[in-house]
Amino acid sequence: MASERHLVVVAGAEPAATDALASALRDDGTVRTAYSAEALRESLDAEVDVVLVDVELVDGPLDALLTDIRAREFDCQVGVSAPEPERTAAGTDTAVDAVVGREPVAVRETVQWLAARARYRARLEEFYDLAERRATLADDEGDESAFDRLDRQLDRLRRDLGEMFDGLDDTSAFDAALAPDERGLDARNERAGDDPGEPAESDET
């Protein structure tokens, strides 16, 4: 399976620090930067795989902003960067997929992990959609060529999912398969334990 590049939105109140993290991520995918909550909201669309929000993007708890992100019609993996990730993870009420420190290496590893989960979930959704189409075709006694085409597509997706599953631990694979409001916080907390007046525009490179 060919390597896929992901799309990440990195949001933080300090442009210099946000840009530094974005630079560390550009070898792996496309990065959009946002320096305010409003700019972050404007940066979100169905193409986004991962959102990384700095804990200091807004004054006070991030829960309202994170809930807004989760309420969008599209699905993405959400991470929070913080100077004290364990404390932030313990104090975050809204479901977050990962909490990480601000070190570029740790952030890059976390974003890669979140992107892998996002790709796995997207492939699962594609597989379920095709399986449903095949079942409908069977009920309608569709033509044999359509069955063959769908079977080939399903076989390809099974192989892709098998390869992706091998790259994730069991908890991550299970958690990624759930809808955002169904995801547990175990993977988030485990990930946190692994980690030792600004412009409003949004940029994509």
Grab the other residues whose beta carbon is less than 11 angstrom from that of Ala46, score K and R as +1, D and E as -1, and report the net. -4
Rounded to the nearest Å, the spacing of the alpha-carbon centers of the range 86-131 and the range 1-74 is 12
Neighbour-count order for Ser145, Ser43, fewest beta carbons within 10 angstrom listed first: Ser145, Ser43
Among Ala122, Met164, Gln153, pick out the residue whose Cα is farthest towards the positive end of the charge dipole of the range 119-166, where Lys and Arg carry +1 and Asp and Glu carry -1 on C-beta, about the Cα centre. Met164
Can you sort Glu109, Glu144, Glu125 by how many other beta carbons sit within 10 Å, fewest first? Glu144, Glu125, Glu109
Net charge near Phe74 (other residues with Cβ under 12 Å of its Cβ; Lys, Arg +1; Asp, Glu -1) is -3
With label points built 7 Å along Cα→Cβ from the Cα atoms of Ala46 and Ser23, find their separation and express it in nm. 3.5
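Coordinate-derived values only; no laboratory data. As the structure is a computational prediction, the values presented were derived from the model and not from experiment. A quick note on method: Cβ atoms are made from the backbone with ideal geometry, for glycine too, and the neighbour counts reach across all protein chains shown.
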